[in-house]
Amino acid sequence: MKNWKRPRSDTTAVPVVVDTSFWIDYARGRLTPAELEQIERLARFGAVVLYQLVWLELVVGFRSIKEQGILGECRAVSRWDAIQADDGIKAEGFAATLRGKGRNVGASDLLIMAAADRMGAQLIHHDSDFTAALSLREFAHLKGDLR
C-alpha cells in the first residue's frame, strides 16, 4: 500500500466496501495478483470504503507493529463511512430475509451488508458467510468480485 497514491475524489467510481476478511488476507500476503491489482486501482480512484465497524474489527485484531502500520495504511487509502442508525434497522431486515432462506449471518456481517446497501456499494471479502448471502437474488447487487 505504500506505493498507492492517495485517493482522488471520483464521484463516478462505484464505492466498494472492503470487509475485514479481505484486509486480513491483504496483511498476511494472501491476495492473488489480480486482487492486489484491482484493490490498488480502486484505491487510486477513491472507491475503497472503510466502514467504521470494519475499522473497529481491525483495530481489535491487528496487534503487531507490522499490522498496526497496515491499519494506518488502510485508513489512508480509504473513504471513511461511519456507522449509521439506519444500518441496524436494515440489518434486522436482512437477517429476517436470510433466516427465511435458511441462512444465518453474524450481526457484524449484517451491518456491513446494510452499510454497503445504503451506499449503493459493492462488497469485497474473503468470507464464506458473505459468499452464501450474496449468492441469493436479494443480495446479488452487493457482490463485488476481484478474483
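One table, with the values for the structure above:
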| item | result |
| --- | --- |
| Residues of segment 105-140 that turn out to be over 16 Å from VAL54 (Cα atoms), touching a residue at least 24 places away in the same chain (Cβ under 8 Å) and out of contact with any Ser or Thr (no Cβ under 7 Å at 6 or more places or on another chain), as a count | 5 |
| Residue tally, condition in contact with a Leu (Cβ under 9 Å, 6 or more places away or on another chain) and under 17 Å from ARG44 (Cα atoms), over segment 71-87 | 6 |
| Considering residues of segment 17-53 that are basic (Lys, Arg) and assigned to a loop (DSSP other than H, G, I, E, B) only, the residue nearest to ILE70 (Cα to Cα) | ARG28 |
| Yes/no for ALA91 being touching a Lys or Arg at 6+ places or on another chain (Cβ under 7 Å), aliphatic (A, V, I, L, M) and without any contact (Cβ under 8 Å) to a residue 60 or more places away in the chain | no |
| Residue pairs meeting the criteria (Cβ under 6 Å; at least 6 apart or on separate chains; first free of Cβ contacts under 8 Å to residues at least 24 places away in the same chain and more than 14 Å from CYS74 (Cβ to Cβ), in segment 34-48; second part of a helix (DSSP H, G or I) and charged (D, E, K, R)) | none |
| Positions within segment 93-147 being in contact with a Phe, Trp or Tyr (Cβ under 7 Å, 6 or more places away or on another chain), hydrophobic (A, V, I, L, M, F, W, C) and not in a helix (DSSP H, G or I), in sequence order | LEU123, ILE124 |
| Residue list for segment 57-88, filter: under 26 Å from SER135 (Cα atoms), in contact with a strand residue (DSSP E or B) (Cβ under 8 Å, 6 or more places away or on another chain) and without any contact (Cβ under 8 Å) to a residue 40 or more places away in the chain | ILE83 |
| Within segment 62-79, tally of residues that are surrounded by 15 or more Cβ atoms within 10 Å (Cβ to Cβ) and assigned to a helix (DSSP H, G or I) | 5 |
| Candidate set from segment 80-92 (those that are in a helix (DSSP H, G or I) and of a type outside the set (Asp, Glu)); member that is farthest from PHE139 (Cα to Cα) | ALA85 |
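Each row is one residue, and each column tells you yes or no for (1) surrounded by 15 or more Cβ atoms within 10 Å (Cβ to Cβ); (2) not β-branched (Val, Ile, Thr).
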residue: ASP81; (1), (2): yes, yes
residue: GLN84; (1), (2): yes, yes
residue: VAL105; (1), (2): yes, no
residue: ALA116; (1), (2): yes, yes
residue: THR131; (1), (2): no, no
residue: ARG137; (1), (2): no, yes
residue: LYS143; (1), (2): yes, yes
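The numbers here are math on the coordinates, done by the rules we state, and not lab data. Quick caveat, the model's predicted, so the values are computed rather than measured. As a convention, Cβ positions derive from the backbone with ideal geometry for all residues, glycine included, and neighbour counts pool all protein chains shown.
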